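Worksheet: the structure to be examined is printed underneath.
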Amino acid sequence: MSGLISAKSYQRKPSRCANWCCSGLSVLFPAAEAPLTFMIIIPVAVGLMPGIELNVPTALVPILNVSLATKDVIAGTVNPFHLTLVYVSLFALAAASIWFCVAWFNREEVLFRT
């Protein structure tokens, strides 16, 4: 059963869903994983820079908002409104990613690589 893909795990991590979609285009899974790794590392690195704070615009950027929210929670200076924006944006990204994966893999050309 470990080889099966759990729909529940993809609801929690939008990047997994994007990674799964990109792996459908490539022959090997690691070939699809490399670009997405950089798409995650760069916003996290920006979030760790001093002077970057969680505000309304940064709360809507997908990976950056988690990094900044974690930094605020650890520091004890979290704003509930900004944290709510982080959750809403992540749920919206997760829903859009799942919708895109379903639409993408319902096509016969993608499944059979024709």
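The values are calculated or read from the model by the stated rules, or taken from the named source; none is laboratory data. Worth saying up front: this structure is predicted, and the values here are computed from it rather than measured. For neighbour counting, all protein chains shown are included, and Cβ atoms are generated from backbone atoms with ideal geometry for every residue, glycine included.
For segment 49-85, give me each residue that is in a helix (DSSP H, G or I) and within 18 Å of residue 39 (Cα to Cα).
58, 59, 62, 63, 64, 65, 66, 67, 68
Can you confirm whether segment 27-35 contains a residue that is in a loop (DSSP other than H, G, I, E, B), surrounded by 13 or more Cβ atoms within 10 Å (Cβ to Cβ) and modelled with pLDDT under 70? No: zero hits.
A search for C-beta distances below 8 Å between a residue of segment 73-98 that is free of Cβ contacts under 8 Å to residues at least 40 places away in the same chain and among the polar types (S, T, N, Q) and any residue that is assigned to a helix (DSSP H, G or I) and surrounded by 12 or more Cβ atoms within 10 Å (Cβ to Cβ), counting only pairs 6+ apart in sequence or on different chains, returns 79/72; 89/59; 89/62; 89/65.
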